[in-house]
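One structure, pasted below without further comment.
What follows is calculated from the coordinates using simple rules that are stated; it is not laboratory data. This one's a predicted model, so the numbers in the text were calculated from it and none came from an experiment. Glycine gets a Cβ as well: all are built from the backbone with ideal geometry, and neighbour counts include every protein chain shown.
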Amino acid sequence: MKKSEKYGVGKLIHHWKYYDALNTFTDDIPFYLELSKKVKGSILELCCGTGRVTIPIAKAGVNITGADFTTSMLVAAKRKAKKENLEVTFIKQDMRKLSLNKKFNLIFIPFNSLQNTYTLHDMEKIFQSIKKHLSSEGIFAFDIFNPSIHLIVELEKKKRKIGKMVLENGTKVTLSESCKYDSAAQVSRIT
Ligand SMILES: C[S@@+](CC[C@H](N)C(=O)[O-])C[C@H]1O[C@@H](n2cnc3c(N)ncnc32)[C@H](O)[C@@H]1O
């Protein structure tokens, strides 16, 4: 793997506690739930994170597998499934080199997660992995954020508060983010 392809995700935002406190969005769940119910057979969610979408789908009685490469997110997802008495398979996999020895009738990547991929080469590897794991009539679904130059410029101007939370020990936390856009690489780096 080339140095430019050796990336994980930020420790802070992808620590499940901070992630769940900040990401309470649910508007996309009905879309993926409906699609999952329509598809007969096996379903794979890539970049499942803490199961924000996986758990409601499993609750509806759909057999779903969730894959992600961040351990803390998977630990949280498994804990949630256990709490709800749900049988969900959560596996640690990098979607750039998926190896599951199985084909799925639906593979989906929700919540802009495909955009955590920073090189064209990696993007190609993901699509090859998906092709390898999709049945002949299978469906691949994803959503992505379509960045506007206006928004990129606005986000670069100043640090913004993005959320507040209180930890179990009573500590109050405020999260802020600042963005830097690398136009040559077409990558936005968020701190
Ligand atoms: C924005 S979060 C989305 C989590 C969840 N799907 C949701 O909707 O809340 C992005 C997730 O993608 C995962 N991810 C990013 N690149 C990945 C890769 N190459 N392989 C597997 N997981 C990846 C991260 O670990 C993170 O949990």
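Which residue, Thr65, Thr119, Thr50, tops the fluctuation ranking in a GNM of the chain built on C-alpha contacts under 10 Å?
Greatest mean-square fluctuation among the candidates belongs to Thr119.
With the cut-off at 1.5 for a/c, could you classify the chain from its C-alpha gyration tensor as rounded, prolate or oblate?
Values: a/c = 1.81, a/b = 1.23, b/c = 1.47.
Because a/c hits 1.5 or more and a/b fails to exceed b/c, the chain counts as oblate.
Of His133, His150, His15, which is the most mobile in a GNM of the chain whose springs link Cα atoms less than 10 angstrom apart?
Judging by the Gaussian network model, the answer is His150.
While we're looking at this one, here's another question. Can you bin the range 149-190 into rounded, prolate or oblate? Criterion: square roots of the alpha carbon gyration tensor eigenvalues sorted a ≥ b ≥ c, rounded for a/c under 1.5, prolate for a/b above b/c, oblate for the rest.
Numbers: a/c = 4.83, a/b = 2.78, b/c = 1.73.
Since a/c reaches 1.5 and a/b is larger than b/c, the shape of the range 149-190 is classed as prolate.
What value, in deg cm²/dmol to 500, does the helix sum -39500 (n - 2.57) over DSSP H runs of n ≥ 4 give at 222 nm once divided by the residues of the chain?
Values: 6 runs with 59 residues, N = 191.
Result for the chain: -9000 deg cm²/dmol, rounded to the nearest 500.
Note down the net charge around Gln128, summing +1 for each Lys or Arg and -1 for each Asp or Glu among other residues with Cβ under 11 Å from its Cβ.
Details: positive: Arg96, Lys97, Lys125, Lys131, Lys132; negative: Asp122, Glu124.
Taking every Cβ under 11 Å from that of Gln128, the sum is +3.
Right, another one. For Glu137, what is the net charge nearby, where nearby means another residue's Cβ is under 15 Å from its Cβ and Lys, Arg count +1, Asp, Glu -1?
Working: positive: Lys38, Lys40, Lys103, Lys131; negative: none.
Local net charge: +4.
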